[in-house]
1. Arrange the following residues from fewest to most other Cβ atoms within 10 Å of their Cβ: 492, 348, 188.
2. What share of all Cα pairs of region 298-439, in percent, falls into each consecutive 5 Å distance bin?
3. Under the Kirkwood approximation for Rh and a Cα-based Rg, what ratio Rg/Rh is obtained for region 195-260?
4. Please work out how much length the chain gains when fully extended from residue 162 to residue 455, using 0.36 nm per residue of separation minus the C-alpha to C-alpha distance, in nm with one decimal.
5. Output the peptides 532-538, 274-280 sorted from most to least packed, where packing is the average of other Cβ atoms within 10 Å over each peptide's residues.
6. Rounded to the nearest 5, what % of the DSSP beta bridges within the chain are antiparallel ones?
7. Restricting attention to the alpha-carbon atoms of region 120-222, what are Rg (one decimal) and Dmax (integer), both in Å?
8. Which value results when the Cα radius of gyration for region 516-591 is divided by 2.2 N^0.38 Å?
């Protein structure tokens, strides 16, 4: 036996996969100039790292068998000794071929396969941290996407003309978080700027959906494979268009966006296309992704999502990603904390799990010991996941049942035996699951509520169901119904304290229908019990206030957020607020102002913030300020106006008329003023 053959036999025998290593080394040696053993003695990452890669990765071994020149490339220190960012990857790709797009991007596919081998080798050799490995894999996918996008965009512009709006591609999931593994699906979402026409026969929507289709088609065909694209995280999933306009995206998430879609958008990151459009999308959807007042049922929803995932995993399968205490539970813990605290703590708005964990630690949202458990477990489980996928670049997360493969996996990761390896996995999973269960999965069911407070409980039940469902049930997102399940007992508790629960419930239905965005309103009320109490008590106390809020639902937030809810306003303050309306002669604006201010005083009354004499005084001041504004618009300033009755005594109530006496000889001015005060419009009247 030659020294070369003896060397190969010895190296193979000492490896974790003798047959695969021997076959590969023989194939490479046959095409090598000179003794392979001498060439590998100075291999940059060490001979043992290469042998280890050949033992645990069938796909890398096969690449070297087909193309021994790949080993010469890997043996160059500048190739294997450092990681690569997007600029260096693009330069390497451009230098590798003159025609990257020919034969359905064959040169791009070959380059991607070579880079995957380099990244796998660096990880096996412990020359790359988890963050560096996932960043390189994500960068690789990003460069591939950018290359395909640029080519498809150029072709489509040449064939169909120039669209007059921008286009961007978002990476979601692991790509968005720069956390790709060795066989990740690449989650994408396509967005274009505005609706419009490219030509008389082609809309922007059609043009950009054709672009998206071409990108997807380019990735799906040909060998070796590019990345698997997954577009199911887009609005409406597989049933929706591939690309949507910015406005369409906003309408969808405002009306139908669910909790899982919020979590998905936490990791949204522009991969290619317009920077400006991507920034605008993320800016618009910031309140949806990180709400200021997240609903209490969020934890229940996340736990329910996790339970659905677990039901799809066979009970006897050791899944490091989806199983109990696995990668997904760590991600759920992190994203839950981001969702709850992200609006107040911008530091938490990180796409990457490990970076977000560091922010959680610095903000002390979890004990240091628990953050350490999550960080160490995440790194360990991702290491296992990568080792499983390096074998064939197949999407697998399950520890093999086969004893030989399980032992090989354990030893590849540095364990003495499969038993020791499994014990470590189990212990880590239990620690993660304990944190997940405490933080996410410990929600309790809402207590049953007595409907006997209503004169007709059956009718009230139907009305409550209509609140959750809307007039057309399929227009209401499941998330809205889920939020209402949390709001329902709180609402019934407030209704039980009303003088007329039935009428108040009907008023609430009218207001919800007028407000429009049920999910946002339900979230607001479920997370603000004081606001819910105020709204219910206002409807119970005043038919007038109910009608004002139904006609102008935006006033609820405008009044409750105003600092003036906690104090009365003076006559001069009302007059100053009315001056702009007088200048433009806008009687309707005065009518709306009067209703808004009477609504505000009603709410102050309901909250017990105003004693009766002060309440009468402010209602009188509102009436006087509106009278003076109308007098100016009607050209009746030459009249002397005398207040009489309750108006004169500054004791107006909500339903009081303005008792007036005019002194002067300008009859027409008096008539104009009476008309301005009393003639109704859709916005009501100024006075009666």
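Here, each number is a calculation from the coordinates, and none is a lab measurement. These numbers were taken from a predicted model, which means no experiment stands behind them. Quick reminder, even Gly has a Cβ in these numbers, built from the backbone with ideal geometry, and neighbours come from all protein chains shown.
1. Numbers: 492 18, 348 23, 188 26.
The most exposed by this proxy come first: 492, 348, 188.
2. Final binned percentages: 2, 10, 19, 20, 19, 13, 9, 5, 2, 0, 0.
3. Numbers: Rg = 14.3 Å, Rh = 13.6 Å.
Taking Rh as the inverse mean 1/r over Cα pairs, Rg/Rh reads 1.05.
4. Taking 0.36 nm per residue and subtracting the Cα distance, the gain is 99.0 nm.
5. 532-538, 274-280
6. Approximately 75 percent, going by the DSSP bridge assignments.
7. 16.7, 59
8. Region 516-591 yields a ratio of 1.31.
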